[in-house]
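What follows is calculated from the coordinates using simple rules that are stated; it is not laboratory data. Keep in mind that what you see is a predicted model, and the values were worked out from it rather than measured. A quick note on method: Cβ atoms are made from the backbone with ideal geometry, for glycine too, and the neighbour counts reach across all protein chains shown.
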Amino acid sequence: MNVVASAPEGLEKYLANEIFDLGGFNINTYKRSVSFECDHATFYRIHFFSRIAFRFYREIACFACYDRLSLYEGVRDSFDWLKWLTSDKTFNVQVTGRTSSLSHSHFTALEVKNSITDIQQTVWSKRSNISLDNPDLIIHLHLNNDRAVLSLQSTVESLHKRGYRPAVGDAPLKENLASGLLQITEWTGNKPLIDLMCGSGTFLIEAINQSLKVPLKSHTSYLFENWLDFKKNIYIDEKNKAKNKFINFYKLSKIIGCEINKDVFDQAKINISLAGLDNYIELLNDDFTKIQFKSSEGLILCNPPYGKKLGDENELISLYECMGEFLKKKFSGWEFWLLSGNPRLTRYLKMKSSLKVPVSNGGIDCRWIKYLIR
């Protein structure tokens with residue numbers, strides 16, 4: 001298969017490494033995506049173990065596309081729709097990108113739909129219905145430089161939704177972004193980890209799951225189960241391997257999360273419980289300056305307010321000053337990783353960074369910054 005995975009911006013090379021480790025090959029990275037090839041077993045496996053990807057798209061056709069007519073004919077002639085999409089199956093069409101003549105995604109999607117259903121109507125005198133919420137197939141069209149790429153989307157929901165987080169704070173960090181940021185730190189669970197402002201607990205949960213390579217909870221169904229060449233025996237074998245994988249939680253060092261807001265603290269407790277990690281994370285409903293922990297090394301994380309979605313920028317200055325003073329006083333020798341969406345505020349830490357990784361968080365241009373606490 002030729003597959004494209006969508007990724008958080010800034011984490012493309014880490015997703016590429018993940019895909020390579022899971023068996024993908026001929027891997028190429030682009031802005032917010034990774035392309036690769038794989039067999040069926042690998043394709044199923046990555047759905048259980050990729051912690052960074054949003055979605056996977058299996059490419060099925062590529063053709064020149066300049067206008068409405070070339071789109072209609074290209075879709076019609078480029079794939080054996082009658083074998084893959086019988087009239088009793090439902091589908092929908094998703095569109096990304098544009099050309100000079102095809103700039104409205106809704107009407108472009110309608111043209112793709114018409115091209116497919118016209119074939120069905122001509123041959124069978126009946127056609128598939130459109131389903132937005134629970135389709136059998138999702139057909140994805142990407143337009144760029146007068147080229148069209150048709151793909152089959154493998155899931156309805158984005159894979160960043162792990163199923164453990166019904167309760168989130170006001171500015172939640174996406175699970176796959178958190179996991180990718182943690183991969184950058186190279187934390188393996190062998191030294192203590194503290195999140196100074198843990199919010200709904202995403203960093204804490206993803207830290208454990210990505211370091212121990214815990215499989216993602218299986219979706220109730222994957223769209224690839226409806227594909228013509230679905231290999232059920234291979235899928236069940238990969239699913240059972242993931243389900244029966246031994247996870248040694250007891251190799252983990254101390255993990256602490258601190259959250260001053262009681263309502264958000266309660267949300268974190270719920271999420272951690274749903275993730276099955278109650279026994280491995282200590283939560284404190286207090287200000288981070290109350291943390292007492294003796295160790296010569298460890299990892300501290302923080303995704304503080306940037307003064308954009310949460311908090312007033314001027315009021316946050318004292319928070320950053322306090323954080324810097326606290327860390328230098330209490331945690332000399334530790335690593336500190338901060339997700340910053342406001343370079344003006346990070347200056348008030350009065351700490352010298354050793355690495356800055358550009359990433360996007362909810363559309364905000366951020367830096368994942370590493371500090372060695374002196």
*Pick from Gly189, Gly97, Gly333: which is most flexible by mean-square fluctuation in a GNM of the chain where alpha carbon atoms under 10 Å apart are linked?*
Gly97
*How large is the dipole of segment 279-367 about the Cα centre if only Lys and Arg carry +1 and Asp and Glu carry -1, each at its Cβ, rounded to the nearest 20 debye?*
340 debye
*Per residue of segment 320-325, in order, report the coupling 6.51 cos²θ - 1.76 cosθ + 1.60 (Karplus, θ = phi - 60°) as ³J(HN,Hα) in whole Hz, putting x for Gly and Pro.*
5, 4, 5, 4, x, 4
*If you count the DSSP beta bridges with both ends in the chain, what percent of them are antiparallel, to the nearest 5?*
65 percent
_Distance between segment 104-160 and segment 322-374 - C-alpha centres, whole angstrom_ = 44 Å
*Pull out the extension gain between Thr122 and Lys232, defined as 0.36 nm times the separation in residues minus the alpha carbon to alpha carbon distance; nm, one decimal.*
36.4 nm
*So how far apart, in nm, are the two label points at Asp133 and Thr86 if each is 7 Å from Cα heading toward Cβ?*
2.5 nm
*Quote the relative contact order of segment 2-153 in percent (integer), defining contacts as alpha-carbon pairs under 8 Å separated by 6+ residues.*
25 percent
_Can you tell me the length gained on complete extension of the stretch Cys62 to Phe25, counting 0.36 nm per residue apart and subtracting the Cα distance?_
11.3 nm
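Return the loop-located chymotrypsin sites (Phe, Trp or Tyr not before Pro) in segment 250-329 (DSSP other than H, G, I, E, B) with at most 16 other Cβ atoms within 10 Å of their own Cβ; answer none if there are none.
Working: sites: Tyr250, Phe265, Tyr280, Phe288, Phe293, Tyr306, Tyr320, Phe326; in loops: Phe293, Tyr306.
Answer in residue order: Phe293.
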*asked:* Counting each pair of different Cα atoms once, what's the Kirkwood radius of segment 70-180 in Å, rounded to one decimal?
replied: 15.8 Å
*Toward the positive end of the charge dipole of segment 2-153, about the Cα centre and with charges on Cβ (Lys, Arg +1; Asp, Glu -1), which of Asn2, Phe91, Leu15 goes farthest?*
Phe91
*Pick out which of Lys329, Lys239, Lys254 has the largest mean-square fluctuation in a Gaussian network model of the chain, springs linking Cα atoms closer than 10 Å.*
Lys329
*asked:* What whole-number distance in Å separates the alpha-carbon centres of segment 27-44 and segment 176-221?
replied: 22 Å
*Mind giving me the nanometre distance, one decimal, between the label points for Arg98 and Arg76, set 7 Å out from Cα along Cα→Cβ?*
2.6 nm
*Tell me, Ile19, Ile236, Ile272, Ile373 in order of fewest to most beta-carbon neighbours within 10 Å?*
Ile236, Ile373, Ile272, Ile19
_At 0.692 mPa s and 37 °C, Stokes D of segment 2-153 from Kirkwood alpha-carbon radius, µm² per second_ = 201 µm²/s
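Counting other beta carbons within 10 Å of each residue's own, what order do Ser340, Ser100, Ser360 fall into, fewest first?
Ser100, Ser360, Ser340
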_Karplus 3J(HN,Hα) series, Hz, for segment 254-271 with 6.51 cos²θ - 1.76 cosθ + 1.60 (x for Gly, Pro)_ = 4, 10, 10, x, 10, 9, 7, 7, 5, 5, 5, 4, 5, 4, 4, 4, 4, 5
*asked:* What does the extension gain come out to for Ser354 and Lys370, with contour length at 0.36 nm per residue minus their alpha carbon separation?
replied: 5.2 nm
*asked:* Can you compute the charge dipole magnitude of the chain about its Cα centre, using +1 on each Lys and Arg Cβ and -1 on each Asp and Glu Cβ, nothing else charged? Give it in debye, rounded to the nearest 20.
replied: 840 debye
*Rg and Dmax of the chain, using alpha carbons, in Å: what are they?*
23.3, 76
*What spacing in nm lies between the two simple spin-label points modelled at Phe326 and Lys294, each 7 Å away from Cα in the Cβ direction?*
2.1 nm
*Fewest to most neighbouring Cβ within 10 Å: what's the order for Val214, Val34, Val123, Val357?*
Val123, Val357, Val214, Val34
